[in-house]
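Notes for the one structure printed next.
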């Protein structure tokens, strides 16, 4: 299980980097009224989508097998969780599921758009919202200890 935890932790850096790249790329395309290109724009957005989904799957597995996830709630009850335990057992998984749903919506919406600016706008808004939610619920204390 420690290996899975390490993969989830290190992959988080990669996911954040590609999501930030995807959001800034989409913002530049949207505001710069650029042409949406398969070779670059499509692939950056798709890679961010795929990596974020892989990270979600790893996180869900950890949620069900780790002492910090569902087992913490079962052992301590919701009222028995302190703030760091609540972050790991409740807030982090719940908010990140919502974030991945937003990213997925952005991907799905961009595919239906015909104009490049609309494609970039959809990715920028939904990936950006997803990124903000993810950043809001990262267990920063664990990352930097």
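The values are calculated or read from the model by the stated rules, or taken from the named source; none is laboratory data. It should be emphasised that the depicted structure is a prediction, and the values quoted were computed from it without experimental measurement. Heads up, the Cβs are rebuilt from the backbone with ideal geometry, glycines too, and the neighbour counts pull from every protein chain shown.
Per-structure values
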| quantity | calculated |
| --- | --- |
| All helices (runs of 4 or more DSSP H) inside segment 1-76 with 2 or more residues being buried (at least 20 other Cβ atoms within 10 Å of the Cβ) | 2-31, 43-65 |
| Condition check for residue 87: buried (at least 16 other Cβ atoms within 10 Å of the Cβ), in a helix (DSSP H, G or I) and either at pLDDT below 95 or touching a strand residue (DSSP E or B) at 6+ places or on another chain (Cβ under 7 Å) (or both) | yes |
| Matching residues in segment 123-143 - criterion: being touching a residue at least 40 places away in the same chain (Cβ under 8 Å), buried (at least 18 other Cβ atoms within 10 Å of the Cβ) and within 15 Å of residue 23 (Cβ to Cβ) | 123, 124, 127, 128, 130, 131, 134 |
